[in-house]
Amino acid sequence: MSSKIHSQSNIAKPRVAILGAGPAGLGAAWKLARSGKADAVVIEQRGDVGGNSGSFELDGMSLDYGSHRLHPSCHPEILADLRDLLGDDLLDRPRHGRIRLRGHWIHFPLKPVDLALRLPKSFAVGVATDSIRKLIASSSANGHESFASVLERNLGSTIYRDFYHPYAKKIWGVEADQLSAIQAYRRVSAGSLLKMAKKVLALVPGLKAPGAGRFFYPRKGFGQISQALARAAHDEGAQILHHTSVRKIHLGSPHRIEVERDGSAQSIEAEYVWSTIPITTLARLVNPPAPAEILEAGNGIQYRAMILIYLVIAQPQFTEFDAHYFPDADVALTRISEPKNYSARTEPQDRTVLCCELPCDVDDEHWRQSDEELGQLARQALERSGLPIQAHILQVVTKRLSHAYPIYHQGYETHFNRLDEWAAKLDRVLTFGRQGLFAHDNTHHALAMAYAAVDCLNDSGRFDSARWSDYRAEFATHTVED
């Protein structure tokens, strides 16, 4: 026996069911409710909000699912809204990380003085030689391109070989020449030596660009952004349903969404379905069923998983740096971050946490390892990189993310485009956000998509598809910032 969650108020406005309570879903719910354009209900299978951009408590500390920052390139309207929602809790912080190149630690983001004093001479000579070669004989695309060919052509063989080639294999699990060129254009913000030089010069006093070398971060963890959006959406009248799993989406007028909530079957009716869940999952949930060729296309869309290994250490601070990056192939981890350093917290004074990032595949050797084994792997990786843990490790906790990074294999565009075109033809269904558009984007990009979606819904309850198409062209220009 199922019950129905009734939706319509006496006001004649549409209801929008939003799948997923990450930043994109919550941002859309808040803007819809605030504008009065629609009633919004957010359906979330977990008990918290934020998704991979959320936070959780461990041993008296608020921890993120990896390393997250709000970048100064955030759209001014979005940044102003977040400042209003978070107030003094939205901190303006200096970036202070390090990257390991040929056994040397270099400040990241790159600093002119640090480059001059600490850059390995062999690496510096290689970069200089590559730069001279580009000046003498400018290179251009020659036939088929890949992630590898684009970066080697634009950045030179030294930077590509020492950084991006091994890092790509670690993050995405495939060789760099098997990745689409789109991965280079969307993932590497400093995609040429000139752009890289400009980024370095932007940190020089007197030449410093606004926001260069800084980031915004909530005092209580990155998940505070999603928590603030959720509270604001609720206060404006939006519903947020936790512990609610979507079982089937019956397309019609209105749409009917079968869910399981608190152990019982229920249904939700809505004029619109806005999905921020993986587009491949959406294709499996709709009824009438997606065509076989669309489901087959979904098999060509793959995600890289991530294990986050949290080491609780009996010392107030591990290092002064917020994050360390490991492009080297001999270190299994890609990055470690120390959450206390992101928000300059001093409490608790007797312990800190390291978040160690280990990309992997679901159900591979690492995915199946115990917390104890993963903790030992992380400790050995830090020792190998010259960062041995001297203090007692009080606790090891792991979190597994099955959809951490989209993998842009060569030819993935064909599969995604089929899915995307199919979804675009569904009546009053919209897919957006990082997972919904298979985009390796930052949180401010996801929020921009949410704001755009609400902008496309007019006051009479009709969605402007042509305007959304223009926004989609803008989304395609997004470049991920580290």
- How many residues are modelled with pLDDT under 95 and either of a type in the set (Gly, Ala, Ser) or part of a helix (DSSP H, G or I) (or both) when one looks only at segment 436-454? 1
- Query: Leu430 is checked against (1) in a helix (DSSP H, G or I); (2) under 16 Å from Gly25 (Cβ atoms) and fails just one. What number does that condition carry?
  - Reply: (1)
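Leu382 - would you say it is in contact with a strand residue (DSSP E or B) (Cβ under 9 Å, 6 or more places away or on another chain) and not assigned by TED's automatic domain parsing to the domain that holds Gly25? Can you show your working first?
On the way: in contact with a strand residue (DSSP E or B) (Cβ under 9 Å, 6 or more places away or on another chain): yes; not assigned by TED's automatic domain parsing to the domain that holds Gly25: yes.
So Leu382 passes the test.
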- Message: Among (1) touching a helix residue (DSSP H, G or I) at 6+ places or on another chain (Cβ under 7 Å); (2) surrounded by fewer than 17 Cβ atoms within 10 Å (Cβ to Cβ); (3) under 16 Å from Leu19 (Cα atoms), there is one condition His243 misses while meeting the rest; what is its number?
- Response: (1)
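Here is a list: His107, His165, His144. Which entry is more than 30 Å from Arg93 (Cα to Cα), at pLDDT 70 or above and outside any helix (DSSP H, G or I)? Before the answer, list the steps.
Working: His107 fails: more than 30 Å from Arg93 (Cα to Cα); His165 fails: outside any helix (DSSP H, G or I).
Going through His107, His165, His144 in turn, just one is more than 30 Å from Arg93 (Cα to Cα), at pLDDT 70 or above and outside any helix (DSSP H, G or I): His144.
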- Item | Pair list, Cβ under 6 Å, 6 or more apart: segment 82-110 residue more than 30 Å from Ser122 (Cβ to Cβ), other residue surrounded by fewer than 18 Cβ atoms within 10 Å (Cβ to Cβ) and at pLDDT 95 or above | Asp89/Arg219; Leu90/Arg83; Leu91/Arg219
- Message: Between Leu85, Leu63, Leu70, which is modelled with pLDDT of 95 or more and under 14 Å from the mean Cα position of the chain (by Cα)?
- Response: Leu70
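The values are calculated or read from the model by the stated rules, or taken from the named source; none is laboratory data. Treat the numbers as computed from the prediction; the structure is a model and nothing was measured. Backbone-built Cβ (ideal geometry, glycine too); neighbour counts: all protein chains shown.
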